[in-house]
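What follows is one structure encoded as structure tokens, with my remarks underneath.
Bear in mind that the values in this text are calculations on the coordinates, not laboratory data. Being a predicted model, the structure only gives us computed values, none of them experimental. All Cβ positions, even for glycine, are placed from backbone atoms using ideal geometry, and neighbour counts span all protein chains on display.
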Protein chains: 2
Amino acid sequence: MAELVVVGAGLIGTSCALALRASGVTGRIVGVGRSRPNLDAARTRGAIDCGYLFDEPWSSELAGARIVLVAVPMAQNRSVFAALAPALDPRSVVVDAGSTKQDVIVAARATLGVHLPRFVPSHPIAGSERSGAEAASAALYVGRQVIVTPLPETDPAALRLAREFWTACGARVASLDAARHDRIFAAVSHLPHLLAFLLVDEIASRPDSTEYLANAGGGFRDFTRIAASSPEMWRDIALANRDALESEIDVFRQALDALSLSIAHGDGVAIEALLERAANVRRSWGESGVGAIEGVPAI
Amino acid sequence: MAELVVVGAGLIGTSCALALRASGVTGRIVGVGRSRPNLDAARTRGAIDCGYLFDEPWSSELAGARIVLVAVPMAQNRSVFAALAPALDPRSVVVDAGSTKQDVIVAARATLGVHLPRFVPSHPIAGSERSGAEAASAALYVGRQVIVTPLPETDPAALRLAREFWTACGARVASLDAARHDRIFAAVSHLPHLLAFLLVDEIASRPDSTEYLANAGGGFRDFTRIAASSPEMWRDIALANRDALESEIDVFRQALDALSLSIAHGDGVAIEALLERAANVRRSWGESGVGAIEGVPAI
């Protein structure tokens with residue numbers, strides 16, 4: 001009987017497995033993934049005891065599993081849930097790790113049936129611009145926040161178990177309404193990711209991009225670090241959180257238009273007032289919470 | 001006779017002084033600044049031998065000075081040059097350290113008179129979101145690039161001396177046309193700085209901004225690090241490089257509009273293609289040059 005079945009043995013899933021191991025969990029950990037070399041890497045690193053490709057017969061591993069972690073690219077949540085549902089053990093708790101929550105709840109409602117009360121939507125605020133089991137780290141969640149967005153029908157015991165799972169991984173757990181979660185993360189995560197991707201792509205599309213990139217410095221480096229993130233993952237996020245993201249893009253575009261006008265008018269007072277407000281906020285944020293943590297990047 | 005007169009003993013100027021000291025230069029280094037505590041900090045750190053406020057009688061220190069480094073907020077370049085010109089020694093080489101170059105060349109042409117051939121416009125691609133002599137570092141320029149944008153009338157011997165000065169600070173020196181420089185840096189530095197300031201200010205302006213910021217993670221942290229930079233410096237850059245910046249904002253806005261449309265249409269193929277192009281470029285850039293340097297941030 002597995003302590004943990006990780007469906008999607010990428011950066012996120014494998015890091016959970018490594019973190020559980022590091023916390024002293026000795027039970028069986030099973031990984032399911034789409035690439036044999038990646039599963040082998042997860043096993044070599046001691047994250048999983050056994051790895052299955054998706055089309056191999058892994059459903060028997062679900063019997064008695066304590067936690068089933070679904071950590072696949074978000075567009076695949078629905079089909080993974082549908083595959084899980086018939087074989088899920090009535091004692092297992094299912095958690096996901098996606099960056100948007102309304103979308104995964106819709107998928108779970110459509111597919112999990114009687115298991116729905118034991119599904120705890122979760123979003124670990126941790127990640128990296130690198131992908132795969134090789135990039136995983138037992139420390140990925142240490143000191144990070146995991147947001148859970150329980151449903152009205154979520155079983156309190158399942159919620160408790162999911163919280164214990166994330167705590168064992170080293171994280172702090174907070175709870176939010178799913179719609180509120182999606183709005184907040186559209187602003188503080190999804191929009192900046194897209195802006196970073198956009199800036200890099202726009203500069204790279206120039207015939208003389210080499211000269212531009214040769215002159216880019218540390219500001220560009222940090223601003224665009226997240227533009228090296230998984231395109232598949234971020235495509236799914238952009239689509240899953242479309243409505244909130246569109247609102248955020250609109251608001252940002254209006255702010256950009258206003259700044260552009262200040263620059264065109266040579267309005268140094270307005271420009272400096274904006275920069276001053278932002279710098280003050282960013283400096284005090286930087287001295288607290290995630291802003292003060294150096295080292296492992298969290299997304 | 002001073003080896004170096006630093007007019008503006010902030011992060012940039014004081015770091016040059018510390019770097020020269022670290023390279024073994026033992027000659028006199030004089031600092032001129034607008035705050036006594038900052039000058040005292042520069043002296044305590046061993047960067048300067050003597051510090052003057054702007055309204056103190058420091059012009060006698062210019063006699064025989066080898067290098068006069070003007071490292072003041074860019075809007076003050078013109079008045080500093082005008083103050084320098086009557087007292088400049090005909091052997092001294094003047095360098096600046098500003099992030100835009102056409103603007104400082106206009107100021108120099110208007111004020112330096114016969115000294116113009118010994119002015120070498122310079123832009124060290126190094127900095128920090130922190131300011132002042134306390135934040136200065138002898139290592140700030142090590143491995144960084146300094147762009148010089150000489151004029152047609154620049155004296156080759158002065159150019160050589162300016163290059164030696166930056167090399168002694170630990171930098172590599174490259175040469176660019178001033179207009180080309182300003183266009184490139186509008187794209188790879190000035191625009192991302194403004195986007196980072198904008199995002200922070202826009203989120204901070206919400207009545208419930210505290211909850212947004214409490215949920216911001218490492219992506220937000222790195223994307224917005226440069227939003228803690230000096231508001232005065234970045235106001236001056238936005239105004240000095242207005243034309244190039246407006247072109248860049250227009251181009252970026254078009255790219256944002258196109259992405260917004262792809263999201264509205266649910267066009268996952270177009271979105272992923274963009275993200276994939278950007279991620280590939282960012283990853284290979286990250287493995288070379290500044291992208292691969294960790295540690296002291298460069299702006």
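Binning the alpha carbon pair distances of the range B:113-222 at 5 angstrom intervals from zero yields the distribution 2, 10, 14, 15, 16, 14, 10, 7, 5, 4, 2, 1, expressed in whole percent. Does the range B:220-273 classify as rounded, prolate or oblate by the C-alpha gyration tensor (a ≥ b ≥ c root eigenvalues; a/c under 1.5 gives rounded; else a/b over b/c gives prolate, otherwise oblate)? Oblate. Between residue A:52 and A:31, A:32, A:33, the built amide H atoms are under 5 Å apart, and every one of these is 5 or more places off in sequence or on another chain.
Working from Cα pairs under 8 Å separated by at least six residues, relative contact order for the range A:180-292 is 30 percent.
Between residue A:174 and A:146, A:147, A:148, the built amide H atoms are under 5 Å apart, and every one of these is 5 or more places off in sequence or on another chain. Dimensions of the range B:180-292 based on its C-alpha atoms, expressed as ranges along the principal axes with the largest first, amount to 42, 42, 30 Å.
Based on a Kirkwood Rh over C-alpha pairs, give the Stokes-Einstein translational diffusion coefficient of chain A at 25 °C and viscosity 0.890 mPa s in µm²/s. Approximately 119 µm²/s, per Stokes-Einstein. Working note: Karplus 6.51/-1.76/1.60 with θ = phi - 60° gives the range B:114-123 the couplings 5, 7, 3, x, 9, 9, 10, x, 9, 9 Hz, where Gly and Pro are set to x.
Sorted ascending by nearby beta carbons within 10 Å, beginning with the fewest, A:52, A:141 become A:52, A:141.
Scaled to the globular estimate 2.2 N^0.38 Å, the Cα spread of the range A:82-165, given as radius of gyration, is 1.15.
Whole-percent P(r), the range B:2-176, all Cα pairs, 5 Å bins from 0: 2, 9, 20, 25, 23, 15, 6, 1, 0. Karplus-based coupling profile of the range B:158-168, in residue order and whole Hz: 5, 4, 4, 5, 4, 4, 4, 4, 5, 5, 5, with θ = phi - 60° in 6.51 cos²θ - 1.76 cosθ + 1.60 and x standing for Gly or Pro.
Could you work out the helix-only [θ] at 222 nm for chain B, with each DSSP H run of four or more residues adding -39,500 (n - 2.57) and the total divided by the number of residues, to the nearest 500 deg cm²/dmol? Walk me through the numbers on the way to the answer.
Working: 12 runs with 138 residues, N = 299.
Result for chain B: -14000 deg cm²/dmol, rounded to the nearest 500.
Rounded to the nearest whole angstrom, the semi-axes of the ellipsoid equivalent to the range B:102-141, taken from the Cα gyration tensor as √(5λ), stand at 28, 11, 10, largest first.
In a DSSP loop and with at most 11 other Cβ atoms within 10 Å, the GluC sites (Glu not before Pro) in the range A:106-210 are A:153. Set against the 2.2 N^0.38 Å expectation for a compact globular protein, the protein assembly as shown has a Cα radius of gyration ratio of 1.09. When you restrict to C-alpha pairs under 8 Å that are six or more residues apart and normalise by the size of the range A:2-176, the relative contact order lands at 25 percent.
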